Amino acid sequence: MISGKEYVDRVFAKVKATNAHETEFLQAVEEVFDSLIPVFDKYPKYIKENLLERLVEPERIISFRVPWLDDQGDVHVNRGYRVQFSSAIGPYKGGLRFHPSVNQSIVKFLGFEQIFKNSLTGQPIGGGKGGSDFDPKGKSDMEIMRFTQSFMTELQKYIGPDLDVPAGDIGVGAREIGYLFGQYKRLNGYQNGVLTGKGLSFGGSLTRKEATGYGVVYFAQHMLASKGQDFKGKKAIVSGSGNVAIYATEKLQQLGARVIAVSDSSGYVYDEKGIDLDSLKQIKEVNRGRIKSYIDQHPHAVFTAAGSGSIWSLKADLAFPCATQNELNAKDAQLLIDNGILAVVEGANMPSSLKAIALFQEAGVLFGPAKAANAGGVAVSALEMAQNSSRIAWTFEEVDAKLFDIMRDIYDNVTHAADDFKFSGNLVAGANIAGFLKVAEAMSAQGLV
């Protein structure tokens, strides 16, 4: 029998050869594979079953065209995707992303990450992801509605409450979920478990909007507690200004930290007094505006346009990359390290490059990987599914308490897995191993399918 390293190297070589152009997907795979070498040494039956090669190949990839009319009556065509990656432990579960950067590599990397993230939640949900290269920015509500209806007309053939349950992601918020659900209902009848992140009036869950941001902070809370520290008096940088960033900021402030900067694709705002949360919510959730307008209400704050400086150059104790993949590179990581950063906790999916992660680990910076730290969103999505199935609704406090417990359990399981496989303190390896083991056991038990 070959060694774990020989097996992992062989499978990764094949993955690179067959997916050479999918850089994001290969990055996600590489980050996981090295962690799993001792797992295959301990469980050689997984090598015999070629479990890794089976896991890294999606069960199904669906690609389709999405034609739609703009307000001027012109016809546009976008491409839609759904990657149903793994159903080993439950129905496919993962968000939909509407952004011009979306392609097959992006949705595959997101779907692959989702397998491990969903496993870590302890909930019976498999991994999937989807989206479109449609850009919702600057579109009217009617254009958004026409696009989402066209998108769902095709997607609805492949999803269902016990088959595949999408949610939101970048570019897909409450408005888009509402339109998507309406079209699904029109075609299939009312099945409120088919999407999560729904409005409260039609099967949504309290705390779902806040869940990813809150969960990231709860995970960070356990990381800091392991070193005898907490948030009080600490400065934090939070990149992004969507749901994750807004509610990470809210929870950080509640726990005593001062968030000094947030961003969007146009640049970042620095407010030494601390970001005004009400202003941030008004700009982003109500006005759907750009972060630059923050300085109109707070003239003491400073706006730096994209390309003119990095949010990661600011001196702070804590960094929460909550915007998008690969937003934090090796140069950014070195800036944070030089400025004495204590902890980096990922709120977005794969926001740090592999070189950045390596630098953080070499410097002894506490590092919380996305597949563990930002699992709160999908965890509460699973709680929404449970409420839909049982026709009940929990209070905000009940869901928040369940979320806190889930994030605590994720941290504990990740830490123990790292210790068990001689990666003590390495939460990246711990998350990969803990997420993998549950899926691997299920795949092995279910046979060659």
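Filter the range 118-128 for residues that are open to solvent by less than 10 Å² (accessible area, probe 1.4 Å) and in a helix (DSSP H, G or I) and give the result.
N118, S119 - these are the residues of the range 118-128 that are open to solvent by less than 10 Å² (accessible area, probe 1.4 Å) and in a helix (DSSP H, G or I).
Within the range 160-197, which residues are out of contact with any strand residue (DSSP E or B) (no Cβ under 9 Å at 6 or more places or on another chain) and closer than 16 Å to S390 by Cα?
P161, D162, Y190, N192
Which is at pLDDT 95 or above, assigned to a strand (DSSP E or B), touching a Lys or Arg at 6+ places or on another chain (Cβ under 9 Å) and among the aliphatic types (A, V, I, L, M), of V83, V107?
V83
Looking at the range 129-154, which of the residues that are among the charged types (D, E, K, R) and over 24 Å from the mean Cα position of the chain (by Cα) is surrounded by the fewest Cβ atoms within 10 Å (Cβ to Cβ)?
Among those residues, the one meeting the criterion is D141.
How many residues, within the range 14-40, are of a type in the set (S, T, N, Q), in a helix (DSSP H, G or I) and in contact with a Leu (Cβ under 7 Å, 6 or more places away or on another chain)?
Going through the range 14-40 one residue at a time, the tally reaches 1.
Could you please find all residues in the range 235-278 being part of a helix (DSSP H, G or I) and open to solvent by 10 Å² or more (accessible area, probe 1.4 Å)?
Answer for the range 235-278, where residues must be part of a helix (DSSP H, G or I) and open to solvent by 10 Å² or more (accessible area, probe 1.4 Å): N243, V244, E250, K251, Q253, Q254, L277, D278.
Here is a list: V83, V66, V107, V102. Which entry is touching a Pro at 6+ places or on another chain (Cβ under 6 Å) and over 28 Å from M1 (Cα atoms)?
Only one candidate passes the filter, namely V83.
Report, by residue number, each residue of the range 397-439 that is over 22 Å from the mean Cα position of the chain (by Cα) and over 21 Å from F367 (Cα atoms).
Scanning the range 397-439 gives E397, E398.
Answer yes or no: is there a residue in the range 283-293 that is of a type in the set (V, I, T), in contact with a Lys or Arg (Cβ under 7 Å, 6 or more places away or on another chain), open to solvent by less than 10 Å² (accessible area, probe 1.4 Å) and in a helix (DSSP H, G or I).
no
Among the residues of the range 155-172, are any at pLDDT 95 or above, assigned to a helix (DSSP H, G or I) and open to solvent by less than 10 Å² (accessible area, probe 1.4 Å)?
yes
How many residues does the range 64-86 contain that are open to solvent by 70 Å² or more (accessible area, probe 1.4 Å) and of a type in the set (V, I, T)?
2
Specify which of the listed residues (I115, I144, I177) is touching a Pro at 6+ places or on another chain (Cβ under 7 Å), aliphatic (A, V, I, L, M) and either assigned to a helix (DSSP H, G or I) or in the same structural domain as L36 (by the TED database) (or both).
Criteria check complete, one pass: I144.
Only one of (1) crowded, with 20+ Cβ neighbours inside 10 Å; (2) touching a residue at least 60 places away in the same chain (Cβ under 8 Å) fails for Q229. Which number is that?
(1)
Just a yes or no: is a residue in the range 194-206 assigned to a helix (DSSP H, G or I), within 30 Å of G160 (Cα to Cα), hydroxyl-bearing (S, T, Y) and within 15 Å of the chain's Cα centre (by Cα)?
no
Scan the range 384-397 for residues that are touching a residue at least 24 places away in the same chain (Cβ under 8 Å) and surrounded by fewer than 24 Cβ atoms within 10 Å (Cβ to Cβ) and report the count.
Residues that pass the stated criteria total 7.
Out of I61, I89, I106, report the one residue that is open to solvent by less than 60 Å² (accessible area, probe 1.4 Å) and closer than 29 Å to G447 by Cβ.
Exactly one of I61, I89, I106 is open to solvent by less than 60 Å² (accessible area, probe 1.4 Å) and closer than 29 Å to G447 by Cβ, namely I89.
The values are calculated or read from the model by the stated rules, or taken from the named source; none is laboratory data. All values reported here derive from a predicted model rather than from experimental measurement. Backbone-built Cβ (ideal geometry, glycine too); neighbour counts: all protein chains shown. We work out accessible area using only protein heavy atoms, side chains counted, and drop any ligands, DNA or RNA first. Shrake-Rupley method; radii C 1.70, N 1.55, O 1.52, S 1.80 Å.
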